[in-house]
Amino acid sequence: MTRRRAALFVRIAVLAGSVLLLEICCRTGIIDPLTIIPPSDMVASMIDRIGSGELNDSIASTFSTIVLAFVLAIGLGTLAGALLHRSSRLRDVVDPLLASYYSVPTFIFYPLLVALLGLGKAPLVVLGVLSAAPAVIISTLSGLDSVSPVLLKLARVHRLSPARTLRWIVLPAALPRLFSGFKLALSYALIGVIAGEFILSGTGLGYAISFAYQSFDNRAMYGLMLFVLLIAVFANGILYVWEGRLARRRSSG
Amino acid sequence: MSDLALEDALSKRKSRGRIRAFDAVVLTLLILAIWQAVGSWTRGIAVSPPLQTLAYLFDLLRTSMFWDHASATLAAFLLAFALSALIGLALGLIFGVRRFAGEVAEPILAGFYTIPKVTLYPVVLLIFGLGISAKVAFGVMHGLVPMTLFTLGAVRNLPPVLVRTARVLRLSPGRTMLWVLVPACLPDIVNGLRISFSLTLLGVLIGEMFSSQRGLGFLLVSGMAQHNVPLSTAVVTVIVAVAIAANALMLRVGGRTTRRPN
């Protein structure tokens with residue numbers, strides 16, 4: 001525990017030191033302010049932008065798209081994973097597809113999706129689901145595989161109904177794997193949606209960053225970037241802590 | 001990393017001979033049929049049908065314009081992949097051997113892996129300017145971290161007796177890495193290379209799609225902008241085919257390294 005705490009301490013010191021170094025380099029002109037602005041200015045700019053309320057629409061649109069893509073990916077992915085788990089023949093067929101899925105840069109389909117669905121929210125949601133759902137399918141399969149046969153026999157001995165078997169035996173046993181899939185799904189949905197907005201879209205935070213870059217408004221650009229990165233770190237951090245708590249509860253019985 | 005565990009579980013499924021081959025043919029036909037259906041349903045405004053795309057691709061492969069763009073992408077990608085692989089391998093080995101440094105670095109790297117790095121592309125452009133170096137840097141940003149994390153995890157899970165033996169034999173750090181650590185971690189390193197390959201490719205292509213005058217990513221976006229649907233569909237087909245082929249090759253190489261007895 002002390003070792004873990006020491007590592008945490010050093011980690012925070014390293015991160016704080018890097019930010020401080022960047023601040024000093026920017027203030028003394030070693031780094032051109034036209035390239036990177038000092039971190040303190042980034043924070044100030046972020047607070048300005050968010051406080052002014054001009055971004056409320058973009059923020060709402062980006063987050064609703066991410067949440068929609070995330071929920072759809074989890075729903076569809078879990079369902080597809082459960083179905084594939086039931087039919088081993090179907091699974092044999094789909095396995096190679098899943099194994100090579102993430103080697104294809106999904107992103108290249110985005111221009112096609114835009115042409116197909118228009119420049120609205122729809123292509124972004126589809127892109128988010130396309131990048132997140134396979135991770136959920138894969139983790140559902142591996143989670144269901146990890147349920148040991150003894151537990152299922154136990155359920156049969158107790159004559160549990162299928163619904164109760166699912167609730168009391170399968171879900172708790174598969175949860176750690178499922179959860180790691182959800183975690184991946186969140187970061188993939190987030191990356192997919194924001195990247196989509198960034199490259200080809202007229203709304204959302206990704207577009208706002210790209211717009212600021214194209215209009216040479218560095219201050220706004222860095223403020224927005226910091227905001228998006230903080231949100232991403234925060235969202236992933238919540239799932240990370242939650243997962244740790246689940247794991248601890250499991251190990252303590 | 002969870003990707004590894006997930007894919008490991010997948011590859012454990014055994015094949016079932018002939019039924020499987022039949023199913024694979026059915027699946028391929030199904031994919032082609034869906035492709036055809038989307039193409040004709042949208043009357044070619046978004047996707048051109050398979051046959052038409054292949055014919056177009058055949059002509060495209062004979063133009064020097066295509067090879068110009070393809071070689072721009074390939075040059076940027078190869079450089080980025082070589083840098084990601086070598087630096088990632090070195091960092092992974094160092095963080096794996098120096099446990100405390102590894103404990104400090106791993107969460108930072110894992111955090112960096114999950115953030116939307118696209119938003120950082122303007123910074124890369126401001127630092128490196130428009131051109132190949134920005135694409136390479138962006139590719140490295142995507143490919144470096146998975147390579148490091150895979151190698152780190154592999155070294156950390158190594159039986160301690162290997163490192164102790166190296167110490168008893170008084171191997172220098174460089175030789176320990178080359179003769180003990182790298183061979184022992186080879187399956188994970190190949191896996192790391194595979195993930196790093198696809199993410200580096202993604203990084204380079206996103207860079208080209210956002211702002212570049214050359215490369216396949218640029219060709220794709222410009223095909224879309226000029227409403228040249230066969231062009232963009234053909235480019236997507238080429239990229240998908242190359243990515244899947246490379247992935248399959250590395251899966252096979254990785255399978256061979258794990259099967260080899262000690």
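The values are calculated or read from the model by the stated rules, or taken from the named source; none is laboratory data. This structure is a prediction, so every number in the text was calculated from the model and none was measured. So basically every Cβ, Gly included, is an ideal-geometry build from the backbone, and we count neighbours across all protein chains shown.
Filtered by the rule that a residue be touching a residue at least 60 places away in the same chain (Cβ under 8 Å) and either away from chain A (no Cβ under 12 Å) or surrounded by fewer than 20 Cβ atoms within 10 Å (Cβ to Cβ) (or both), the stretch B:114-137 gives B:Leu130, B:Ile132, B:Ala134, B:Lys135, B:Val136. Scoring A:Val93 on the criteria (1) in contact with a Ser or Thr (Cβ under 8 Å, 6 or more places away or on another chain); (2) surrounded by fewer than 20 Cβ atoms within 10 Å (Cβ to Cβ); (3) under 23 Å from B:Asn247 (Cα atoms) leaves a single failure, condition (1). The helices (runs of 4 or more DSSP H) falling completely within the stretch A:83-156 that include 2 or more residues that are more than 10 Å from every other protein chain (Cβ to nearest Cβ) and either of a type outside the set (Asp, Glu) or at positive phi (or both) map to A:122-145. Residues in the stretch B:156-164: is at least one within 14 Å of another protein chain (Cβ to nearest Cβ) and either of a type in the set (A, V, I, L, M) or within 19 Å of the chain's Cα centre (by Cα) (or both)? Checked against the condition, which is being within 14 Å of another protein chain (Cβ to nearest Cβ) and either of a type in the set (A, V, I, L, M) or within 19 Å of the chain's Cα centre (by Cα) (or both), the stretch B:156-164 yields no hits at all.
The residue list B:Ala33, B:Ala85 contains one member that is part of a helix (DSSP H, G or I), at pLDDT 85 or above and either buried (at least 16 other Cβ atoms within 10 Å of the Cβ) or of a type in the set (Val, Ile, Thr) (or both), which is B:Ala85. Just to be sure, is A:Leu15 within 26 Å of the chain's Cα centre (by Cα) and surrounded by fewer than 14 Cβ atoms within 10 Å (Cβ to Cβ)? So A:Leu15 fits the description; yes. For B:Gly92, the requirement of being away from chain A (no Cβ under 11 Å), assigned to a helix (DSSP H, G or I) and touching a Cys at 6+ places or on another chain (Cβ under 9 Å) is met.
For the stretch B:205-231, the set of residues classified as facing chain A (nearest Cβ under 9 Å) and not in a loop (DSSP other than H, G, I, E, B) consists of B:Leu205, B:Ile206, B:Met209, B:Phe210, B:Leu216, B:Gly217, B:Leu220, B:Val221, B:Gly223, B:Met224, B:Ala225, B:Val229, listed by residue number. Taken over the stretch B:194-204, the criterion of being more than 7 Å from chain A (Cβ to nearest Cβ) and more than 16 Å from B:Leu86 (Cα to Cα) is satisfied by B:Gly203, B:Val204. The requirement of being more than 22 Å from A:Pro111 (Cα to Cα) and more than 8 Å from chain B (Cβ to nearest Cβ) is fulfilled somewhere in the stretch A:186-193, by at least one residue.
In this structure, A:Ile194 does not satisfy being under 30 Å from A:Ala115 (Cβ atoms), over 14 Å from the mean Cα position of the chain (by Cα) and part of a helix (DSSP H, G or I).
Among the residues making up the stretch A:48-75, a single one is exposed (fewer than 13 other Cβ atoms within 10 Å of the Cβ) and either in contact with a Ser or Thr (Cβ under 9 Å, 6 or more places away or on another chain) or touching a residue at least 60 places away in the same chain (Cβ under 8 Å) (or both): A:Asp57. Pairs linking a residue in the stretch B:177-189 that is of a type in the set (Asp, Glu) to a residue that is at pLDDT below 85 and assigned to a helix (DSSP H, G or I), with Cβ atoms under 8 Å and 6 or more positions apart or on different chains, are B:Asp188/B:Leu4.
Taken as a whole, the structure places B:Ser196 among residues that are modelled with pLDDT of 90 or more, small (Gly, Ala, Ser) and under 30 Å from A:Phe198 (Cα atoms). Part of a helix (DSSP H, G or I), within 9 Å of chain B (Cβ to nearest Cβ), aromatic (Phe, Trp, Tyr) and buried (at least 22 other Cβ atoms within 10 Å of the Cβ): is that true of A:Tyr213 in this structure? Considered against the rule, which asks whether it is part of a helix (DSSP H, G or I), within 9 Å of chain B (Cβ to nearest Cβ), aromatic (Phe, Trp, Tyr) and buried (at least 22 other Cβ atoms within 10 Å of the Cβ), A:Tyr213 comes out as yes. Within the bounds of the stretch A:63-80, is there any residue that is assigned to a loop (DSSP other than H, G, I, E, B) and among the aliphatic types (A, V, I, L, M)? Within the stretch A:63-80 (the criterion being assigned to a loop (DSSP other than H, G, I, E, B) and among the aliphatic types (A, V, I, L, M)), the answer is no, since none of the residues qualifies. Is it true that A:Ala220 is touching a Leu at 6+ places or on another chain (Cβ under 8 Å) and over 22 Å from A:Leu119 (Cα atoms)? So A:Ala220 does not fit the description; no. Could we say that B:Leu181 is surrounded by fewer than 24 Cβ atoms within 10 Å (Cβ to Cβ), over 30 Å from A:Leu200 (Cα atoms) and either more than 12 Å from the chain's Cα centre (by Cα) or away from every other protein chain (no Cβ under 14 Å) (or both) here? So B:Leu181 does not fit the description; no.
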